[in-house]
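Working notes, beginning with the structure itself.
The values are calculated or read from the model by the stated rules, or taken from the named source; none is laboratory data. Just so it is clear, the model here is predicted, and its values are computed rather than measured. Don't worry about glycine lacking a Cβ; one is built from the backbone with ideal geometry, like all the others, and counts go over all protein chains shown.
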Amino acid sequence: MANDDTASAIRITIMQKMREIAAQQGKVLGELNDDLPLVDSGLDSLCIAILVASLDDQLDLDPFSGSNAVIPVTIGDFVRMYELAGV
């Protein structure tokens, strides 16, 4: 159960951070769901970089540092990378 709770907390944190960064950067987000491509989310590459740095600080997770790291295509891919790194 703790793993499900951790994954849920990570998902909530990521979605909140996406909304926060979009507001700070004056971006309009699309409807956030797992199937939405990151490129269509409303966040540009600078926003994604800010998001990754912010999540690294807040969650102390860096799923991009391993040799098996992949580039996430959708929001669901992005969230799952963090969920897997955190559980």
### Task
Identify, from the list 26, 42, 76, 30, the residue that is at pLDDT below 95 and of a type outside the set (Phe, Trp, Tyr).
30
### Message
Six or more apart or on different chains, Cβ atoms under 8 Å: show the pairs whose first residue is in region 67-87 and closer than 20 Å to residue 35 by Cα and among the acidic types (Asp, Glu) and whose second is at pLDDT below 90 and not in a helix (DSSP H, G or I).
### Response
77/70
### Query
residue 5 versus (1) surrounded by 16 or more Cβ atoms within 10 Å (Cβ to Cβ); (2) free of Cβ contacts under 8 Å to residues at least 12 places away in the same chain: which is the lone unmet condition?
(1)
### Task
For region 46-71, name all the residues that are hydroxyl-bearing (Ser, Thr, Tyr) and modelled with pLDDT of 95 or more.
54
#### Entry: Output for region 25-56, where each listed residue is polar (S, T, N, Q), more than 19 Å from residue 70 (Cβ to Cβ) and more than 12 Å from the chain's Cα centre (by Cα)
25
### Summary
Quick count over region 22-45, residues being part of a loop (DSSP other than H, G, I, E, B), of a type in the set (A, V, I, L, M, F, W, C) and surrounded by 10 or more Cβ atoms within 10 Å (Cβ to Cβ), is 4
### Message
Being polar (S, T, N, Q), outside any loop (DSSP other than H, G, I, E, B) and out of contact with any His (no Cβ under 6 Å at 6 or more places or on another chain) is the requirement here; does residue 67 meet it?
### Response
no
### Task
Can you give me the number of residues within region 46-61 that are free of Cβ contacts under 8 Å to residues at least 12 places away in the same chain and assigned to a helix (DSSP H, G or I)?
5
